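Visitor: This structure is in structure tokens; I'll ask about it shortly.
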């Protein structure tokens, strides 16, 4: 029995300066960033993504990409419903999930884009299985990082962006130019990072 019902899949390009207006679907939205950087606003939080990042957005979750929050970005996208009750139960209440440096998953996305609509039973079954593998990768990552916090600061209550800022600052706290290093590492403007950090924590990065 098929575990996945594919809606559509393909490669999309988001040019610099374009916005993806906030919207929702009644199905899952999965995106892999092939190149570029962007900020997905989903589930009431900012999710900074760069090459190798993957984001999974659950049905009914408002999401979009604000103007000027990205450069030229190429994504592989898959829209689908989960038919398997067990897999569906595992992803219940997971509004937004992200993975970073998941370059090992790119070949799976490429195969899905090529064969998800194939009439060949073997090809379509492989596409189904590969998507399940990607979804289980999210769950494995969530389990292994459960309760994760910084070395000096408990960052578990903050958004993924602020968690990454805290992690970077802790690792490079002796750097003279930590803001420049932070901006280069995350691929976002220094002013944006400072504003986002202060909004959530009430203090400055410095």
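Read the figures in this text as sums done on the coordinates, not as results from a lab. Not measured: the values here are computed from a predicted model.
Visitor: On C-alpha positions alone, give me the angle between the axis of helix 106-115 and the longest principal axis of the chain, in degrees, nearest 10.
Guide: Approximately 30 degrees, to the nearest 10.
Visitor: For the stretch 4-144, what relative contact order do you get, as a whole percent, if you take Cα pairs closer than 8 Å and at least 6 residues apart? Present the calculation step by step, with values, prior to reporting the outcome.
Guide: Working: 286 pairs, mean separation 41.4, N = 141.
Reported as a whole number, the value is 29 percent.
Visitor: Given the DSSP H assignment, sum -39500 (n - 2.57) over each helix run of at least 4 residues in the chain and divide by its residue total; what's the result at 222 nm in deg cm²/dmol, nearest 500?
Guide: Rounded to the nearest 500, it is -11000 deg cm²/dmol.
Visitor: Separate question: Taking Cα atoms of the chain, Rg/Rh with Kirkwood Rh, to two decimals?
Guide: Numbers: Rg = 17.8 Å, Rh = 18.0 Å.
Rg/Rh: 0.99.
Visitor: When the Cα centres of the stretch 86-119 and the stretch 191-206 are compared, how far apart do they sit, in Å?
Guide: Between the Cα centres of the stretch 86-119 and the stretch 191-206 lies a distance of 32 Å.
Visitor: Can you tell me, using C-alpha contacts under 8 Å and at least 6 residues apart, the relative contact order of the stretch 13-62 as a whole percent?
Guide: On the way: 69 pairs, mean separation 21.9, N = 50.
44 percent.
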